[in-house]
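What follows is a short report on a single structure.
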Amino acid sequence: MLLKSIFNSILFISISLSALSQEFKYDKVLFKTISPDDLCASLEKSKGYLLLDVRSSGEACDTSQYTGLNIGHLKGAININVRELGNRLSEIRSYKDKPVFVYCSHSQRSRRASKMLVDSGFTNVYNINGGLTSFYYTNAREKGCLQSLIETKEKYKLISPIDLCNKLTIQNKNTLFLLDVRSDSAFRHISSDEQDNAYGQIKNAVNIPYADLERRLSEIPKGKDVVIIDLDGSEASKAASLLTEKGYDKVSYLIEGIDRLLSTDRKELNCINDSYVSPVPYHIMSTKEFGRFASINKDILLLDVRDANSFTNTHKDSYRNVGHLKNAINIPAADIEKRITELESYKDKELLIYSLGGNKEMYEVAKILKEKGFKKINILVNGLFDVRWTIANIKGQEYLKEFVTDVPESNR
């Protein structure tokens, strides 16, 4: 798997890797930023505004071949792919001095578009932080005007980890059917990919791999609330589409799968301790949890397992040069076994492994360290990329800046 939701979305639609650079330095400088929670109030105060969707036309129309990107659109939005925006500015020139609210899926492309608009003379530009996905996994879509502002042609629903917990808490086994469509090897944690093996499951979920789903439909009861789960949403979305085509009328899937569940603050999930089963003897930690953890635990080893060039901001791919966590030491994953003596003093202390994003190398290192007798291992589930994304996009998390250092000017 790549950097999960953000990397997958960007790479799926063939945007160059340079688009992964996290340039937040223009936020609140060249253009304004706004969270989904505050969007309705701003729209009410804005006259003659434009909602600009800079995703691909397939995403905006829910027809993308990558079904995990078909998450609806905002009613009344104009869709201009960010890759075409420079040549199509004349289509929105009448909004040059009016409020323009820009969004994409995860708020990377929208930032590029927002800067392009400002550079082209637009005077009142807002980037919608977090993108359309955050409307779902923060549950903002259930508030105010967003309840009717989001439109989709899909018959199934997308649910957040919070929604899933509510279903598990409120509903019983007679009304809820949990369908896990991962491969058999991933579900049983015997895959050749250690990251797949590390992602646990929801209690009582039934595993029917997506590849086998159509011939095993008789095992899925009609009339029940079918909730589909996978690793990152890519197969669950296809499964949801298939089931609705086959006449199932109560279908939903967990947006971005188990990865989004693990990326959500455990404090926000009232079911996580009772319903999620972890298959690994270490802790997978969300970014919000990391912030609290690092604030309290000062004697913690931060282990950066990227290659040396990424750690020192000298990698040929500029998007990889994003600094590092303060006081981290760098031992590339490929070197961990031959340099393990450098970590001996932390065998009984807290140790946190991180990489650029949700890279499988973190899980390979965790397995090795556990076998070598390290007792308190943690993994930062979506790495440094998500720390910086969270700082820029999630309210109340700006303080995480104190944990990040040495970010090059080009990626600030």
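Please identify every one of the trypsin sites (Lys or Arg not before Pro) in segment 108-217 that sits in a loop by DSSP and has no more than 16 other beta carbons within 10 Å of its own beta carbon.
Details: sites: R109, R111, R112, K115, R141, K143, K153, K155, K157, K167, K173, R182, R188, K203, R215, R216; in loops: K143, K153, K155, K173, R182, R188, K203.
Here the sparse-neighbourhood loop sites are K143, K153, K155, K173, R188, K203.
Quick one: 3J(HN,Hα) in Hz for segment 133-143, Karplus 6.51/-1.76/1.60 with θ = phi - 60°, rounded, Gly and Pro as x.
4, 5, 4, 7, 7, 9, 6, 5, 4, 8, 10
Taking the Cα atoms of the chain, what is the range of coordinates along each of the three principal axes, in descending order and whole Å?
Principal extents (largest minus smallest coordinate, Cα): 64, 56, 34 Å.
Please report the carbon-and-sulfur percent of the accessible area for segment 172-297; probe 1.4 Å, protein heavy atoms only, DNA, RNA and ligands left out.
On the way: 2330 of 5180 Å².
Carbon plus sulfur share of accessible area: 45 percent.
How high is the relative contact order of the chain, in percent, counting Cα pairs under 8 Å that sit 6 or more residues apart? Present the calculation step by step, with values, prior to reporting the outcome.
Working: 773 pairs, mean separation 67.6, N = 412.
It rounds to 16 percent for the chain.
Ignoring ligands, DNA and RNA, what percent of the accessible area of segment 34-125 is carbon or sulfur (1.4 Å)? Provide the component values of the computation, followed by the final result.
On the way: 1670 of 3760 Å².
The computed percentage sits at 44.
Check which residues have an amide H placed less than 5 Å from K157's amide H, if you skip close sequence neighbours.
Amide H to amide H, under 5 Å and 5 or more residues apart or across chains, K157 pairs with V251, S252, Y253.
Could you work out the local net charge near V82, counting Lys and Arg as +1, Asp and Glu as -1, over the other residues with Cβ closer than 13 Å to its Cβ? Walk me through the intermediate numbers first.
Details: positive: R55, R83, R88, R109, R111, R112, K115; negative: D53, E59, E84.
Combined, the nearby Lys, Arg, Asp and Glu give +4.
Report ³J(HN,Hα) in whole Hz for each residue of segment 194-211, in order, from the Karplus equation J = 6.51 cos²θ - 1.76 cosθ + 1.60 where θ = phi - 60°; Gly and Pro get x.
Coupling constants for segment 194-211: 5, 5, 4, 5, 7, 7, x, 9, 8, 3, 6, 6, 9, 8, 10, x, 4, 4 Hz.
How many percent of the accessible area of segment 324-412 is carbon or sulfur, using a 1.4 Å probe?
It is 46 percent, rounded to a whole number.
For L50, what charge total do you get from the other residues with a beta carbon under 12 Å from its beta carbon, if Lys and Arg give +1 and Asp and Glu give -1?
Numbers: positive: K47, R93, K96, K98; negative: D53, E91, D97.
Overall, the nearby charge balance is +1.
Leaving out ligands and nucleic acids, note down the accessible area per residue over segment 125-185 with a 1.4 angstrom probe, in whole Å². Spell out each step's value before the answer.
Values: 2540 Å² over 61 residues.
Result: 42 Å² of accessible area for each residue.
Net charge within 11 Å of N139 by Cβ-Cβ distance, Lys/Arg positive one each and Asp/Glu negative one each, not counting N139 itself?
On the way: positive: R141, K143; negative: D37, E142, D163, E268.
Once positives and negatives cancel, what remains is -2.
So what is the accessible area of segment 209-299 per residue, in Å², with the probe set to 1.4 Å? Show your work: numbers first, answer last.
On the way: 3810 Å² over 91 residues.
In whole numbers, segment 209-299 has 42 Å² accessible per residue.
Using the Cα centre of segment 179-308 as the reference point, and only Cβ charges (+1 on K/R, -1 on D/E), how large is the resulting charge dipole? Debye, rounded to the nearest 20. Don't skip to the answer; put the middle values down first.
Numbers: 17 positive and 23 negative charges, 87 e Å.
For this selection, approximately 420 debye.
With +1 on each Lys and Arg Cβ and -1 on each Asp and Glu Cβ, and nothing else charged, work out how big the dipole of the chain is about its Cα centre, in Debye to the nearest 20. Mind showing how you got there, number by number?
Working: 58 positive and 54 negative charges, 164 e Å.
I would put it at about 780 debye.
Among S148, A198, L158, flag the residue with its Cα farthest along the positive direction of the charge dipole of segment 143-204, charges on Cβ as +1 for Lys/Arg and -1 for Asp/Glu.
S148
Once you charge only the Cβ atoms, +1 for Lys and Arg and -1 for Asp and Glu, what is the size of the charge dipole of segment 290-365 about its Cα centre, to the nearest 20 debye?
260
Could you pull out every residue, at least 5 positions away or on a different chain, whose amide H is within less than 5 Å of the one on V206? Hs are placed 1.01 Å off N in the peptide plane, and Pro or chain starts have none.
Result for V206 returns L178, L179, D180.
In the chain, which cysteines lack any other cysteine Cβ under 4.7 Å from their own?
C61, C104
In whole Hz, with x marking every Gly and Pro, tabulate ³J(HN,Hα) for segment 296-307 from phi via Karplus 6.51 cos²θ - 1.76 cosθ + 1.60, θ = phi - 60°.
Karplus-based 3J(HN,Hα) across segment 296-307 equals 8, 9, 7, 8, 10, 8, 9, 10, 8, 9, 6, 5 Hz.
Work out the charge dipole of the chain with +1 on the Cβ of Lys and Arg and -1 on the Cβ of Asp and Glu about the Cα centre, then indicate which of T33, L301, N270 is farthest towards its positive end.
T33
The values are calculated or read from the model by the stated rules, or taken from the named source; none is laboratory data. Quantities reported herein were computed from a predicted structural model and do not represent experimental measurements. Glycine also receives a Cβ, built like all others from the backbone with ideal geometry; neighbour counts cover every protein chain displayed. Just so you know, the surface numbers come from the protein's heavy atoms only, side chains and all, with ligands and any DNA or RNA stripped out. Shrake-Rupley method; radii C 1.70, N 1.55, O 1.52, S 1.80 Å.
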